[in-house]
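Chemist: To start, I am sharing the structure in question, which I have written as structure tokens.
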Amino acid sequence: ICVSKSVFDFFYFVQQWPGSYCDTKRSCCYPITGKPASNFSIHGLWPNYNNGSWPSDCNPKHPFNQSQISDLVSRAQTSWPSLGCPSSNNIKFWKHEWSKHGTCSESVGLDQHAYFQHTLDLKDQIDLLQILQDAGIKPDGSFYNVSSIEEAIEKGSGYFPGIRCNFDASRNSQLLEIYLCVDKSATRFIDCPILPHSNCPSQVEFPTFGADSGILQL
Ligand code: 5GP
Ligand code: 5GP
Ligand code: 5GP
């Protein structure tokens, strides 16, 4: 008998702020493809159930196959860079995301190419950095109300986001990840059925990424 868990309900489309990934005590490593842009980048597209749990590592028989996304590599290098150490060509990160989350998307008919293509297309649909900047929320190292970040994204995109934080080296809480929800086709944003637990205090830092954000341009 095959007892398989039912199909998941929606995706989290998760983006990370590289400045917050990198300014921690652990630091980070730029990929060998070069320093990523000062912009949000993709963490992943994660199948999820409406009750908040999620499937993972669904199909060890379909490991990541780089040749299936050769036409997408240059877009992925820009939008889905890896800041993990040691420096890499990003493939290890994509491989991890595919095995852990992507293989669970096969239950809604997405193969590896479709999974990566849809994820990259989602990044281009909503420009989070522009939306925040239009609301006066800039990666300048100052502190912002989480509620004003949430409101700006809701106004600018039409969707209320989930926000996750981490700590910089001085233990300030800062904006690390923004979650938006996507339907099972992996093409349409939806209102989140359930938001991830926020671990942010009411005010969070929005750090610069590298030294490219004004303060050194005296
Ligand atoms: P953390 O413990 O840092 O919150 O999450 C570790 C990893 O677990 C994430 O990078 C992601 O792969 C997975 N994960 C965490 N929260 C969620 C979630 O709400 N949904 C899904 N699908 N995966 C999650
Ligand atoms: P927590 O204590 O935050 O509930 O979970 C600790 C870790 O267990 C998370 O970082 C995540 O990696 C894993 N985890 C929690 N809930 C789930 C789930 O529903 N599915 C899977 N695959 N992992 C989970
Ligand atoms: P997740 O938290 O999605 O389960 O796992 C992410 C894995 O990819 C971790 O082992 C982490 O070290 C590695 N990784 C490599 N580059 C990055 C990156 O830029 N961001 C994040 N969140 N993880 C990365």
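Every number here is computed from the coordinates shown, using simple stated rules; none is lab data. A quick note: this is a predicted structure, and the numbers were derived from the prediction, not measured. Glycine gets a Cβ as well: all are built from the backbone with ideal geometry, and neighbour counts include every protein chain shown.
Chemist: For ASP127 paired with HIS96, estimate the spin-label separation in nm (one decimal), with each label point 7 Å from Cα along the Cα-to-Cβ line.
Modeler: 3.0
Chemist: Full extension from SER70 to ARG171: what is 0.36 nm times the residue separation minus their Cα-Cα distance, to one decimal in nm?
Modeler: Between SER70 and ARG171, full extension yields 32.3 nm more.
Chemist: Where in the range 57-93 are there trypsin sites (Lys or Arg not before Pro) that are in a DSSP coil and have at most 11 other Cβ atoms within 10 angstrom of their Cβ? Could you put the intermediate results ahead of the total?
Modeler: Numbers: sites: LYS61, ARG75, LYS92; in loops: LYS61.
Here the sparse-neighbourhood loop sites are LYS61.
Chemist: Here's another thing I want to ask about it. Please report Rg over Rh for the range 10-205, where both radii come from the alpha carbon positions and Rh follows the Kirkwood definition.
Modeler: A ratio of 0.95.
Chemist: Let me ask something additional. Do any GluC sites (Glu not before Pro) in the range 109-218 lie in a DSSP loop with no more than 16 other beta carbon atoms within 10 Å, and if so, which?
Modeler: Numbers: sites: GLU150, GLU151, GLU154, GLU177, GLU205; in loops: none.
Here no GluC sites (Glu not before Pro) fit, given the DSSP loop and packing criteria.
Chemist: So how much slack lies between HIS62 and PHE143, counting 0.36 nm per residue of separation and subtracting their Cα-Cα distance, in nm?
Modeler: 24.8 nm
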